[in-house]
1. Within segment 202-257, take every residue that is among the hydroxyl-bearing types (S, T, Y) and open to solvent by less than 40 Å² (accessible area, probe 1.4 Å) and give me the one that is modelled with the highest pLDDT.
2. Pull up segment 149-159, narrow it to residues that are under 21 Å from the mean Cα position of the chain (by Cα) and of a type outside the set (G, A, S), then point me to the one that is farthest from L122 (Cα to Cα).
3. Can you name the condition, by its number, that V163 falls short on among (1) touching a helix residue (DSSP H, G or I) at 6+ places or on another chain (Cβ under 7 Å); (2) in a helix (DSSP H, G or I)?
4. If I filter segment 189-196 for residues that are among the β-branched types (V, I, T), at pLDDT below 85 and farther than 20 Å from F283 by Cα, do I get at least one hit?
5. Any chance segment 95-103 includes a residue that's part of a loop (DSSP other than H, G, I, E, B), among the polar types (S, T, N, Q), surrounded by fewer than 16 Cβ atoms within 10 Å (Cβ to Cβ) and out of contact with any His (no Cβ under 9 Å at 6 or more places or on another chain)?
6. Residues E115, E141: which one is surrounded by fewer than 18 Cβ atoms within 10 Å (Cβ to Cβ) and closer than 21 Å to L248 by Cβ?
7. Considering only segment 248-282, state which residues are touching a residue at least 60 places away in the same chain (Cβ under 8 Å), within 26 Å of A302 (Cα to Cα) and among the aromatic types (F, W, Y).
8. Testing R130 on (1) part of a loop (DSSP other than H, G, I, E, B); (2) in contact with a strand residue (DSSP E or B) (Cβ under 8 Å, 6 or more places away or on another chain); (3) open to solvent by 60 Å² or more (accessible area, probe 1.4 Å), one condition comes back false. Which one is that?
Amino acid sequence: MSRLDPALAQEIVARTMRIIACNVNVMDEGGTIVASGHPERIGQLHEGALLALAQARTVEIDGATAERLKGVRPGVNLPLSSEGRIVGVVGLTGEPGAVRQFGELVRVTAEMTLEQARLTRLLARDTRLREELVLELTRTETPDARLTDWARQLGIDLAAPRVAAVIEIDSSELGVDAAFNELQRLQTLLTTPERDNLIATVSLSEVVVLKPVVERAGRWDFESHRDRVWQLLARMRIESPLGVRIALGNYFAGAGGLARSYRTAATTLKLGRQRDPDARAYFYQDLALPVLLEGLHQSWQAAELARPLAQLQRADARGQLRETLLAWFANDMHPGRTAQALGIHRNTLDYRLSRIADATGLTLEHTDNRLLLYVALQLDLTRPA
């Protein structure tokens, strides 16, 4: 560090003065007092510290010497080192013979505090750089040499297969500080025991996770990932008051796969929330078709697909035929299960399907017509409000 942080210096003063019964000052590399047990001395130049800095050694000052120096009282002044260089001085006020025994203890305590702060800064910087890399990977279809080198410096192998998950957080009932603390707890849960997750906090309401892909027989083991999502949700219910929804995207191999995986996860979350707002987990494999159709809403193809449904709506004032069509597709077009789900007789179902065919002009015995109606319903169910 190039300069002593005054807040950190005051922490050193407070910590050491709890151990010894004398005043402690901390001076920066210019000899100015930046922290002290006597606040009125902060900002004063300490010539004893200048001597310790110039000579790079402990300087003891008795009463006679103190009278000849500016801003100095009797005591012991010891240089402080950080990252191999002197960054300041710590001084103990009192007769040298009385405080000398505490000098080395105070210096070691102060340097340990500086080192702890340095490591914390490095960890925070590493975490921030990893988060920025994750966000960049979710936006970039073609990772370049810059991204590859960035990842290498952070010890991340971009060739390792990963799949994206998006976690939506409901912290509305918590204050900002409480929400932040719970967000940190969530990050801990995401890194224990799965230590290879890459995590980025987008906001207090969204976290992106790039998870290592679990493979079985050379293929992506989706069911294993599904189980892990449910396990995380179970742990969250026990350990945190945060309400969360998790959406798992699809896995794509090769360059740009993470960006596509993230898009499928984000769209899966959006559509899953629309269809089942009470659910806690959504999976691309369960919503693949509506996710893939999501980008079609404003196209001429979507307008053409919607035309049979508009015709059906004109012939279906009460919505009974639409309900029947949805149930028919939900039961894989099986007449017996569909009739049972609707609580109607098979003959009634056949009559309604006949009316649907007449209203839409589509013969339901033909696979293409069934597909047209099914896709049109999927688009309609996910149409923006």
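The values are calculated or read from the model by the stated rules, or taken from the named source; none is laboratory data. Every value quoted in this text rests on a predicted model; they were computed, and no experiment measured them. Cβ sites come from the backbone with ideal geometry, for glycine too, and all protein chains shown count toward neighbours. To get the accessible areas, we keep the full protein, side chains included, count just its heavy atoms, and leave off ligands, DNA and RNA. Shrake-Rupley method; radii C 1.70, N 1.55, O 1.52, S 1.80 Å.
1. In the first step, residues of segment 202-257 are kept if they are among the hydroxyl-bearing types (S, T, Y); the result is 203, 205, 224, 240, 251.
Retained after the next criterion (residues that are open to solvent by less than 40 Å² (accessible area, probe 1.4 Å)): 224, 240.
On the way: S224: 91, S240: 78.
Taking the candidates together, the pick is S224.
2. Of segment 149-159, the ones under 21 Å from the mean Cα position of the chain (by Cα) are 150-158.
Those left that are additionally of a type outside the set (G, A, S): 150, 152-154, 156-158.
Working: W150: 16, R152: 17, Q153: 14, L154: 12, I156: 17, D157: 21, L158: 22 Å.
If we take residues in segment 149-159 being under 21 Å from the mean Cα position of the chain (by Cα) and of a type outside the set (G, A, S), then L158 is farthest from L122 (Cα to Cα).
3. Just one mismatch for V163, condition (2).
4. Initial filter on segment 189-196 (among the β-branched types (V, I, T)): 191-192.
Pick out the ones that are also at pLDDT below 85 and you get 191-192.
Remaining after also requiring farther than 20 Å from F283 by Cα: 191-192.
Checking segment 189-196: at least one residue is among the β-branched types (V, I, T), at pLDDT below 85 and farther than 20 Å from F283 by Cα.
5. Restricting attention to segment 95-103, the residues satisfying the condition of being part of a loop (DSSP other than H, G, I, E, B) are 95.
After this cut, where a residue has to be among the polar types (S, T, N, Q) as well, the list is none.
No, that holds for no residue.
6. E141
7. Listed by number, the list holds a single entry, Y262.
8. (1)
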